[in-house]
Amino acid sequence: MKRLIGSLTLGVALSVSPAVAEEWRVNNFLPETRPESAELEQFVAEANAALGGETELKLYSGGSLGLPNTDTLRFLPKGAVEMSLMWANYLGRDAPALSSVVVQGTIGSIDEFEKAIPVVKEIYEEEFADWGVSSVGYVAIPMLMVSVFCSEEPVNTLEDLKSKKLRVWARDQVETFTKLGVSAQIIPQEELYVAMKTGVVDCALYPALYAHTVSLQEVSKYASFLYPMASGPYVIGVATDRWEEADDSFKEAVTKAADDLWERTNQYDDDMDREMAAREELVSQGLVWGEDFPEADRALFVDSVTEVWADLAEEAGGNAVAYRERVLEALGR
């Protein structure tokens with residue numbers, strides 16, 4: 001009898017226990033300290049509130065799932081994770097055409113950038129669809145001011161930079177600085193601190209706005225502004241077959257939260273104020289902020305990166321040249 005009562009009690013308990021929510025893992029390769037990560041947290045919270053517990057998005061930031069951002073087009077369609085942040089410039093190995101949609105440094109004003117964004121989003125949707133990935137949301141990247149951070153002595157001319165080993169984060173930057181006679185190598189941001197501290201590189205290309213997220217001020221003594229940089233937005237991707245299988249209420253909740261995310265981040269009016277505040281904070285921590293690179297050097301950089309944009313598009317082949325032409329048309333060039 002005791003066994004029977006125990007079995008009945010267990011059965012009742014199980015029958016009234018709440019169902020476990022289906023979890024959708026959201027892979028975010030950016031550090032938790034990045035402002036975009038905070039925006040993604042809000043996106044997840046808003047989507048979950050609308051879903052009401054049947055399905056739950058869970059954000060994993062800082063690459064904590066161990067999924068390399070360069071492999072997104074490989075792991076996402078296969079279901080290694082349900083949803084992932086993507087950045088086109090990291091995906092050029094598998095989708096070369098994506099690397100030449102927006103080459104950083106070729107768009108230097110908010111007015112130009114706002115003209116290009118709708119076309120860039122269209123191109124991303126088309127390209128990702130070919131990989132079995134649906135673009136379900138976007139996170140805008142601020143118009144960044146890219147500076148040269150150096151460990152031992154100030155550098156604010158291209159001539160002085162020629163004697164330094166420079167860290168960059170994308171191939172187009174390697175090609176551009178090579179044209180300018182500067183030795184540049186790609187070092188991931190998670191390895192940047194050690195590379196600067198141990199002398200693997202003397203200087204690093206990095207936006208002041210985000211320098212604190214990798215503690216760059218601890219291994220740099222000097223910094224100088226080089227060029228403004230517009231980037232294509234981050235994309236929130238889902239395997240197309242998984243997205244199509246999802247019910248309408250799930251899609252509506254995610255889409256609404258994603259639309260709100262884009263609306264919040266696609267704002268650029270206070271970008272310069274945030275840049276100057278970031279510089280002041282770095283200076284308060286001991287960094288010496290030097291004179292900007294001369295206008296002539298900056299113009300030379302833009303000329304070089306524009307040539308590289310054309311070269312990379314030709315090299316990539318496929319849709320790359322057409323993508324570049326569509327962006328240039330949107331810019332009115």
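Using all pairs of distinct alpha-carbon atoms, the Kirkwood hydrodynamic radius of the stretch 262-333 works out to 15.9 angstrom. Among beta bridges identified by DSSP and lying wholly in the chain, the antiparallel ones come to about 60 percent. With contacts taken as Cα pairs under 8 Å at a separation of at least 6 residues, the stretch 190-333 carries a relative contact order of 32 percent. The gain in end-to-end length when the Phe75 to Ala299 segment is fully stretched comes to 76.6 nm, 0.36 nm per residue minus the alpha carbon separation. Taken one residue at a time, the phi angles of the stretch 265-273 give Karplus couplings (6.51, -1.76, 1.60, θ = phi - 60°) of 8, 7, 9, 10, 4, 9, 4, 5, 4 Hz. Gly and Pro are set to x.
From the alpha carbon gyration tensor of the stretch 39-83, can you work out the equivalent ellipsoid semi-axes (sqrt of 5 times each eigenvalue) and give them in Å, largest to smallest?
23, 13, 8
Potential lengthening of the chain between Ser109 and Val283 amounts to 60.0 nm, from the contour at 0.36 nm per residue minus the alpha-carbon distance.
Each eigenvalue of the Cα gyration tensor of the stretch 129-205, multiplied by 5 and square-rooted, gives one semi-axis; in descending order these are 29, 15, 13 Å. Compactness ratio for the stretch 121-162: Cα radius of gyration over 2.2 N^0.38 Å (N = residue count) comes to 2.08. Modelled this way, with points 7 Å down the Cα-to-C-beta line, the labels at Glu245 and Glu41 are 3.1 nm from one another. Shown here are the Rg and Dmax of the Cα trace of the stretch 206-246, at 18.0, 53 Å.
Calculated on the Cα set of the stretch 213-308, radius of gyration then Dmax: 20.2, 56 Å.
Where both partners of a DSSP beta bridge lie in the stretch 76-210, what percent of those bridges are antiparallel, to the nearest 5? In the stretch 76-210, DSSP labels about 45 percent of beta bridges as antiparallel.
Beyond 29 Å in Cα-Cα separation lie the following of the pairs Lys115/Lys165; Lys78/Lys251; Lys78/Lys115; Lys121/Lys221: Lys115/Lys165; Lys78/Lys115; Lys121/Lys221.
For Val288, the amide hydrogen comes within under 5 Å of the amide hydrogens of Tyr222, Ala223, counting only partners 5 or more places away or on other chains and with H modelled in the peptide plane. Treating each Cα of the stretch 164-237 as an identical point scatterer and summing with the Debye formula, the log10 of I(q)/I(0) at q = 0.14, 0.19 Å⁻¹ comes to -0.46, -0.84. Between the alpha-carbon centres of the stretch 199-241 and the stretch 97-166 there is a gap of 11 Å.
With respect to the chain, whose longest principal axis is taken over its alpha-carbon atoms, helix 320-331 is tilted by about 80°.
All of the numbers you see were taken from the coordinates with simple rules; none came from a lab. Treat the numbers as computed from the prediction; the structure is a model and nothing was measured. Because the Cβ atoms are built from the backbone with ideal geometry, glycine has one as well, and the counts that use them run over all protein chains shown.
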